[in-house]
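Worksheet: one structure, shown below.
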Amino acid sequence: MTTMHRLASRGFRLAAAGLALTVGACSFDEVLSVQNPDELPEEALENNPSFIAALVNGVVGDYAAALDDPFIWRGSMFTDETLTGINWEQTARLNERIVQYDEGDADLMFTEISRALAQADSVSGRIKNLSSNPSSDDRLALTLAYAGFSYIMLADAMCEATVQTGDVLYQPTALYQFAVDRFNEALPIATAAGEDDLENFINVGLTRAHLNLGNYSDVMTIAPNVPEDFRWYAEYKFPEVDNVLPQRTQGSNHSLSVHPHFLASPENYGSDTYDMTPDLTDPRIQHDPEFRLGHNQLTRIYTPYAPLMWSNYNGETIATGGEPTDLREEAEANGADIAFASGLEAQHNLFEAMDAVGGNDGDVLDFVNERRAFGNQAAVALSGDELTMELRDQRGRDLFLAGYRLGDLRRWLRGGDDMFPSGQHPVTEWGNYGDATCFPLPLEEYEGNPNINNPN
């Protein structure tokens, strides 16, 4: 729940308790007509400038809540990023690229992202009315930026989507354009407020939205403005605002595994070969070198350690005797925040745009080899399609488990390259992968939105 939701719920509980205490001393009619001079009307919460900070916190919190689960957790197992060991048929189907509109995964994905989006748009509108100077109010720029990122999240995940129970089914490209509109509205406000980090945050969002729209010149213009060391985190603190992903790596719930595509030795998956220590040289994707069976007693789980985009990443590698960060242990101690916008992402967006327009193989190759060197990989000499695929592989490693893979695979699919996992699923008992590439609009939206008809 958002901060405002928690405040409202607490107030309602206190009011109910007070009513119960006074009923015995008053007649029923007196109870109905009593006036509480200390009561704070709901309108005061919505229209009082002093509550803007609480409203903004609600926007930030709702986005963080949607990001770790469902967006990263369920989105990653829908791709070639993670495997699940959960003993639940519906979750296994999701990991097989089979998702049904009348099951919970589709509903959770759409509902949680839509909540974050509605909150960001609603609060932005309130700030415009409540702020004494909205044209330079960094709080307005912030909520508009979160609305933009929420539109990106919705476009990355959903096959199509309504917005706030509207009657239009928007395709992903339309949602990405809405994101651009929000970012463009936010940017001059952040500039007027003198908030450099906020400008960088907005510019990263613009590069990602433009990249998905194929606006490569815009990406190449904006991305160089973002410092390479910039990061913007979704913040979590155990147990108050919890990142659920570390929980998936512990105890009877150990159910989060690196997919064979990103294993240090992918050929070892499914075999009885345990020790992959000599191959765990890439600090960006460290994982337990020995598998254990998941909660379902089928999936061979190679538990990930903190990846590059997580705040508790330490850069150590098992191959050199280091101790990469254990996700759950560090999450409980200091939080496990996730960078969902960064200068590194802006660089990837830049070079992907340069690769798409062509004629930049030398610059793209230099960037690829820079990232390979970071991952303790030898330099390569590639061009054309091979260079494109290597650039994409480096993106997957740099941005692993931070909420990018589903949107990336769908963007490349729109360009003609199907890189979704296919054929035999790594858990052989599950058969072959399905062919889904996105989450359908859920049954609950068809039933609850009177403006659209259920086509099924």
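The values are calculated or read from the model by the stated rules, or taken from the named source; none is laboratory data. In this text, all values refer to a predicted model and were calculated from it rather than measured experimentally. We place every Cβ from the backbone using ideal geometry, glycine too, and count neighbours over all the protein chains shown. To get the accessible areas, we keep the full protein, side chains included, count just its heavy atoms, and leave off ligands, DNA and RNA. Shrake-Rupley method; radii C 1.70, N 1.55, O 1.52, S 1.80 Å.
Odds and ends about this structure:
- Number of the condition not met by residue 353 [criteria: (1) touching a helix residue (DSSP H, G or I) at 6+ places or on another chain (Cβ under 6 Å); (2) small (Gly, Ala, Ser); (3) open to solvent by less than 30 Å² (accessible area, probe 1.4 Å); (4) not in a helix (DSSP H, G or I)]: (4)
- In this structure, residue 283 does not satisfy being modelled with pLDDT of 90 or more, buried (at least 22 other Cβ atoms within 10 Å of the Cβ) and either under 15 Å from residue 245 (Cα atoms) or among the acidic types (Asp, Glu) (or both).
- Considering the range 423-437, and only residues there that are of a type in the set (A, V, I, L, M, F, W, C) and over 15 Å from residue 81 (Cα atoms), the residue that is least open to solvent (accessible area, probe 1.4 Å) turns out to be 436.
- Of the residues making up the range 187-197, those that are open to solvent by 30 Å² or more (accessible area, probe 1.4 Å) and either under 13 Å from residue 145 (Cα atoms) or not hydrophobic (A, V, I, L, M, F, W, C) (or both) number 7.
- Count of residues meeting criterion [of a type in the set (A, V, I, L, M) and open to solvent by 40 Å² or more (accessible area, probe 1.4 Å)] in the range 101-111: 1
- Comparison of 132, 124, 114 shows that the only residue that is open to solvent by 10 Å² or more (accessible area, probe 1.4 Å), over 22 Å from residue 300 (Cα atoms) and part of a helix (DSSP H, G or I) is 114.
- Matching entry among 25, 66 (being modelled with pLDDT under 95 and either under 25 Å from residue 404 (Cβ atoms) or surrounded by fewer than 22 Cβ atoms within 10 Å (Cβ to Cβ) (or both)): 25
- Verdict on residue 288 being more than 24 Å from residue 204 (Cα to Cα) and touching a residue at least 24 places away in the same chain (Cβ under 8 Å): no
- Candidates in the range 198-233 are the residues that are in a helix (DSSP H, G or I) and aromatic (Phe, Trp, Tyr); of these, the one that is most open to solvent (accessible area, probe 1.4 Å) is 216.
- The set of residues from the range 250-268 being modelled with pLDDT of 85 or more, open to solvent by less than 50 Å² (accessible area, probe 1.4 Å), assigned to a helix (DSSP H, G or I) and over 13 Å from residue 95 (Cβ atoms) comprises just one member, 262.
- Which numbered condition residue 38 misses (of (1) of a type outside the set (A, V, I, L, M, F, W, C); (2) modelled with pLDDT under 90; (3) assigned to a helix (DSSP H, G or I)): (3)
- Answer from 344, 391, 406 - the residue that is closer than 25 Å to residue 85 by Cβ, buried (at least 19 other Cβ atoms within 10 Å of the Cβ) and either touching a Cys at 6+ places or on another chain (Cβ under 8 Å) or not basic (Lys, Arg) (or both): 406
- Among residues of the range 219-231 that are farther than 15 Å from residue 367 by Cα, those with a beta-carbon under 8 Å from a residue that is surrounded by 15 or more Cβ atoms within 10 Å (Cβ to Cβ) and among the hydroxyl-bearing types (Ser, Thr, Tyr) at least six positions away or on a different chain give the pairs 219/207; 222/207; 226/207; 230/342; 231/342.
- Residue in the range 440-456 that is of a type in the set (Ser, Thr, Tyr), open to solvent by 30 Å² or more (accessible area, probe 1.4 Å) and either without any contact (Cβ under 8 Å) to a residue 60 or more places away in the chain or not in a loop (DSSP other than H, G, I, E, B) (or both) present: no
- The range 295-317, residues that are more than 24 Å from the chain's Cα centre (by Cα) and surrounded by fewer than 24 Cβ atoms within 10 Å (Cβ to Cβ): 295, 296, 297, 298, 300, 316, 317
- Complete set of residues in the range 356-385 that are exposed (fewer than 14 other Cβ atoms within 10 Å of the Cβ) and either of a type in the set (Ser, Thr, Tyr) or in contact with a Lys or Arg (Cβ under 8 Å, 6 or more places away or on another chain) (or both): 378, 379, 380, 383
- Unmet criterion (only one of (1) open to solvent by less than 30 Å² (accessible area, probe 1.4 Å); (2) closer than 26 Å to residue 233 by Cα; (3) part of a helix (DSSP H, G or I)) for residue 94: (2)
- Test: residue in the range 181-200 that is modelled with pLDDT of 95 or more, hydroxyl-bearing (Ser, Thr, Tyr) and in contact with a strand residue (DSSP E or B) (Cβ under 8 Å, 6 or more places away or on another chain): no
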